[in-house]
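Data first, discussion second: the structure below is written as structure tokens.
Please treat every number below as a calculation from the coordinates, not as lab data. These numbers were taken from a predicted model, which means no experiment stands behind them. Every residue, glycine among them, receives a Cβ derived from its backbone with ideal geometry; neighbour counts consider all protein chains shown.
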Amino acid sequence: MPDSFVQNRVPAAATTQCVEVIEVSKIYHGGTQNAVEAVSSVNFSVPHGQFVAILGPSGCGKSTLLMMVGGLEAVTTGRIEVDGSPMAGPRTSIGIMFQDSTLLPWKSALDNVLFPIKVLKRPVQEYHDNAHALLDRVGLYGFAQKKPHELSGGMRQRVSICRALVYEPNVLLMDEPFSALDAITRDEMNGLLLDLWQQYTKTALFVTHSIREAVMLADRVLVMTQRPATIVEDLTIPFARPREMSIGESREFNEICGHLRERIEHSHFEGRR
Ligand SMILES: Nc1ncnc2c1ncn2[C@@H]1O[C@H](COP(=O)(O)OP(=O)(O)OP(=O)(O)O)[C@@H](O)[C@H]1O
Ligand SMILES: [Mg+2]
């Protein structure tokens, strides 16, 4: 295992919370006529190893929040800490997955997985075994040399998961990673993500529009209001792990989904007050 893997790992005991978002607001183009307040005074903490899903109306500020946690957008006010230190830019202890697979079309699946290592100017060969093991793990054995256009949408998102995990981040941020996939592939990917998360126990923040996906995957669901986004509900999901996809047919599961649906409908008005 490369030394960097060890350096990136912060022991769970070092700090009780993995992600802390403290009074965070974001105004795009502040002080101009085009100012947009995307996020307003958001507070939440995520303990190590917890899987948190974020639900909210379209355009409310979910991606903005995730990008700030990932160090890809600066906060306007407030503070974000990951593993006990303030975020000031992108970090290798955080892996990010977007809605589109954002793979480089001219590179093979393997080279796409290894691309962050190259960007970070780490010794690529040290990560070859890990990249191959991840591709095998997500069912892409034999596809390492294929280019993105030779893969299906689901396969491309599998490559993206591998790319987000290749340097063994502590935190995995996912912004609607499966929303472009058909329902069956999406269920498959949810099952795969649950397996991977259980195996690697990352801290995860997962933005989705799907209430069922949120309840299926997460330990906890945050519901955000219409823009500027604030949190109106922080719900613990009571299902034990490992979870089978069949919990989706249970009465309790459907009651929780019904409650969240109502909360999201109300949140459209709460943000406008
Ligand atoms: N780079 C940017 N510059 C200016 N405004 C932006 C920028 N990015 C996002 N916004 C604005 O901030 C608000 C929140 O956008 P964001 O993408 O965070 O919402 P979202 O909840 O992720 O939406 P969706 O569910 O549709 O993905 C929107 O009004 C959007 O127009
Ligand atoms: Mg978004």
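Summary table below
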{"read-out": "Tensor-based shape of segment 58-210 (alpha-carbon gyration tensor, a/c under 1.5 rounded, otherwise prolate or oblate)", "value": "oblate"}
{"read-out": "Per principal axis, descending, Cα span of the chain in whole Å", "value": "54, 46, 40"}
{"read-out": "Which of 117, 184 has the fewest Cβ neighbours within 10 Å, and the rest in rising order", "value": "184, 117"}
{"read-out": "Residue exposure sequence - 245, 67 - by fewest surrounding Cβ within 10 Å", "value": "245, 67"}
{"read-out": "With Cα atoms, 0 to 90° folded angle of helix 251-270 axis to the chain main axis", "value": "60"}
{"read-out": "Partner lysines for residue 147 [C-alpha distance under 30 Å; skip if fewer than 8 residues away on the same chain]", "value": "107, 118, 121, 202"}
{"read-out": "Degrees, to the nearest 10: 109-119 long Cα axis against longest axis of the chain", "value": "70"}
{"read-out": "Helix-derived mean residue ellipticity, 222 nm - over the chain, DSSP H n ≥ 4, -39500 (n - 2.57), to 500", "value": "-10500 deg cm²/dmol"}
{"read-out": "Highest-MSF residue in the chain out of 190, 34, 254 [GNM, Cα springs under 10 Å]", "value": "34"}
{"read-out": "Anisotropy class of segment 127-273 from Cα gyration tensor, a/c 1.5 cut", "value": "prolate"}
{"read-out": "Using alpha-carbon coordinates, inclination of helix 183-200 to the longest axis of the chain, degrees", "value": "80"}
{"read-out": "Candidates 204, 164, 180, ranked by Gaussian network fluctuation over the chain, Cα under 10 Å, top entry", "value": "180"}
{"read-out": "Karplus 3J(HN,Hα) series, Hz, for segment 81-90 with 6.51 cos²θ - 1.76 cosθ + 1.60 (x for Gly, Pro)", "value": "10, 10, 6, x, 10, x, 6, 10, x, x"}
{"read-out": "Percent of beta bridges antiparallel (DSSP, the chain, rounded to nearest 5)", "value": "55"}
{"read-out": "Total charge dipole magnitude, the chain, about the Cα centre, Cβ charges on Lys, Arg, Asp, Glu only, Debye to nearest 20", "value": "540"}
{"read-out": "Derived scalar couplings ³J(HN,Hα) [segment 62-68; Karplus, 6.51 cos²θ - 1.76 cosθ + 1.60; whole Hz; x for Gly, Pro]", "value": "5, 5, 4, 4, 5, 5, 5"}
